[in-house]
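Reading through the structure tokens given below for one structure.
The values are calculated or read from the model by the stated rules, or taken from the named source; none is laboratory data. Note that the coordinates shown come from a computational prediction; the quantities given were computed from them, not determined experimentally. Cβ: placed from backbone, ideal geometry, glycine included. Neighbour counts: every protein chain shown. These accessible areas exclude ligands, DNA and RNA; they are computed on the full protein's heavy atoms, side chains included. Shrake-Rupley method; radii C 1.70, N 1.55, O 1.52, S 1.80 Å.
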Amino acid sequence: MSIDRRDPRLDHIVDADAERETLGSGFGFLEGPIWHPRGKHLTFSDIPGNRLHRYSATAGFSVYREPSNMANGNTYDGDGRMLSCEHATSRVVRERSGELEVLASHYQGTELNSPNDIVVAYDGAIYFTDPTYGRQARHGVERPPQLGFQGVYRIDPNGDLALLAGDFEQPNGLCLGLDGTTLFVADTTRRHVRLFAFTGNHLSGGDVFCESPAPDGLKLDAQGNLYAGGPEGVYVYDRDDGGLLGVLRTPEFCANFTWGDDNLQSLYLTASTGLYRYRVNVPGLPLM
């Protein structure tokens with residue numbers, strides 16, 4: 001069974017008999033899927049494969065960037081430029097006219113751990129997490145951390161880098177709230193998702209919004225329900241009380257996901273070595 005229904009409220013989001021479609025397999029470990037609404041294509045990372053791939057219904061699969069410096073999370077900014085978190089170089093980069101512009105690589109003169117996931121706010125500010133996963137052999141280049149903490153950062157539209165919080169064990173996926181004034185952050189090792197309010201470079205709150213088994217990528221749908229990648233698929237949590245509604249199952253660990261196609265009602269899932277798709281009833285949010 002593809003859908004693990006834990007609460008009848010899930011029926012509004014996805015049909016009980018929705019089937020999982022396999023689009024591709026045989027990759028190393030997939031992450032960072034992003035949908036381009038005008039180009040109608042999906043770009044995603046294969047971290048150990050050290051490349052970015054692209055998929056479209058018309059052209060199939062192709063390699064978009066190689067090497068990718070073991071890129072993990074990706075997103076688009078308001079101008080449609082791709083931003084990526086590079087594990088091998090500990091950098092956040094932005095693609096501009098075919099070249100990579102480095103946005104962040106050090107904090108107060110010390111190299112970042114390994115930027116992991118990334119989002120862009122309505123005002124152009126960039127938020128990213130910085131765990132140590134990219135300093136481990138399978139998902140990066142093995143090397144000791146230089147920082148003594150794992151944090152969440154903000155890059156101001158003028159380029160200034162600020163540490164927002166450093167009390168995580170392994171911060172991973174993150175997403176903005178619907179109103180753009182809150183931030184959800186997954187702490188994978190602690191198995192929960194925290195909810196912050198933010199104003200500029202200041203975060204407040206940080207209470208646990210929901211418990212989740214090894215939460216990885218995070219996103220909201222258009223109604224504000226929270227989705228978290230993890231073991232066996234994508235976990236769906238109610239927008240109001242954080243209750244688990246159900247799981248959209250995958251055969252392997254699902255690190256991340258995004259919505260795509262014309263109506264943003266196709267949920268693309270990067271689940272370890274495979275790329276999958278579900279049709280859902282509630283659309284996602286566009287990246288640009």
### Query
Among the residues of the stretch 186-199 satisfying the criterion of being under 23 Å from Leu287 (Cβ atoms) and touching a residue at least 24 places away in the same chain (Cβ under 8 Å), which is surrounded by the most Cβ atoms within 10 Å (Cβ to Cβ)?
Ala186
### Task
Please state which one of Pro145, Pro157, Pro171 is within 22 Å of Ile34 (Cβ to Cβ), out of contact with any Leu (no Cβ under 9 Å at 6 or more places or on another chain) and open to solvent by 50 Å² or more (accessible area, probe 1.4 Å).
Pro157
### Query
Is it true that some residue in the stretch 100-120 is polar (S, T, N, Q), under 26 Å from Arg279 (Cα atoms) and either surrounded by fewer than 16 Cβ atoms within 10 Å (Cβ to Cβ) or at pLDDT below 95 (or both)?
no
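Residue-wise test of (1) within 16 Å of Met70 (Cα to Cα); (2) not hydrophobic (A, V, I, L, M, F, W, C).
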| residue | (1), (2) |
| --- | --- |
| Cys85 | yes, no |
| Leu100 | yes, no |
| Asn113 | yes, yes |
| Ala125 | no, no |
| Val152 | no, no |
| Asp160 | no, yes |
| Leu163 | no, no |
### 1 or more residues of a type in the set (D, E, K, R) and open to solvent by 60 Å² or more (accessible area, probe 1.4 Å): qualifying strands (runs of 3 or more DSSP E) within the stretch 24-66
51-56
### Query
Is it true that some residue in the stretch 41-52 is among the basic types (Lys, Arg), in contact with an Asp or Glu (Cβ under 7 Å, 6 or more places away or on another chain) and at pLDDT 95 or above?
yes
### Message
Could you check the stretch 267-288 and list, in sequence order, the residues that are polar (S, T, N, Q), under 17 Å from the mean Cα position of the chain (by Cα) and surrounded by fewer than 20 Cβ atoms within 10 Å (Cβ to Cβ)?
### Response
Ser272, Thr273
### Task
Name, by its number, the condition in (1) out of contact with any Lys or Arg (no Cβ under 9 Å at 6 or more places or on another chain); (2) open to solvent by less than 50 Å² (accessible area, probe 1.4 Å); (3) under 16 Å from Asn72 (Cβ atoms) that does not hold for Gly177.
(3)
### Query
Given the residues Leu245, Leu218, Leu226, which is the only one that is more than 28 Å from Tyr133 (Cα to Cα), in contact (Cβ under 8 Å) with a residue 40 or more places away in the chain and buried (at least 19 other Cβ atoms within 10 Å of the Cβ)?
Leu245
### Query
Just one of Gly230, Gly246 is out of contact with any Cys (no Cβ under 9 Å at 6 or more places or on another chain), farther than 22 Å from Thr43 by Cβ and of a type in the set (Gly, Ala, Ser); which is it?
Gly246
### Query
Would you pick out the residues in the stretch 69-99 that are crowded, with 16+ Cβ neighbours inside 10 Å and among the basic types (Lys, Arg)?
Arg91, Arg94
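So that you can scan it fast, the table gives a plain yes or no per residue for (1) of a type in the set (Lys, Arg); (2) assigned to a strand (DSSP E or B):
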residue	(1), (2)
Gly206	no, yes
Pro215	no, no
Arg239	yes, no
Gly242	no, no
Leu269	no, yes
Tyr278	no, yes
Leu287	no, no
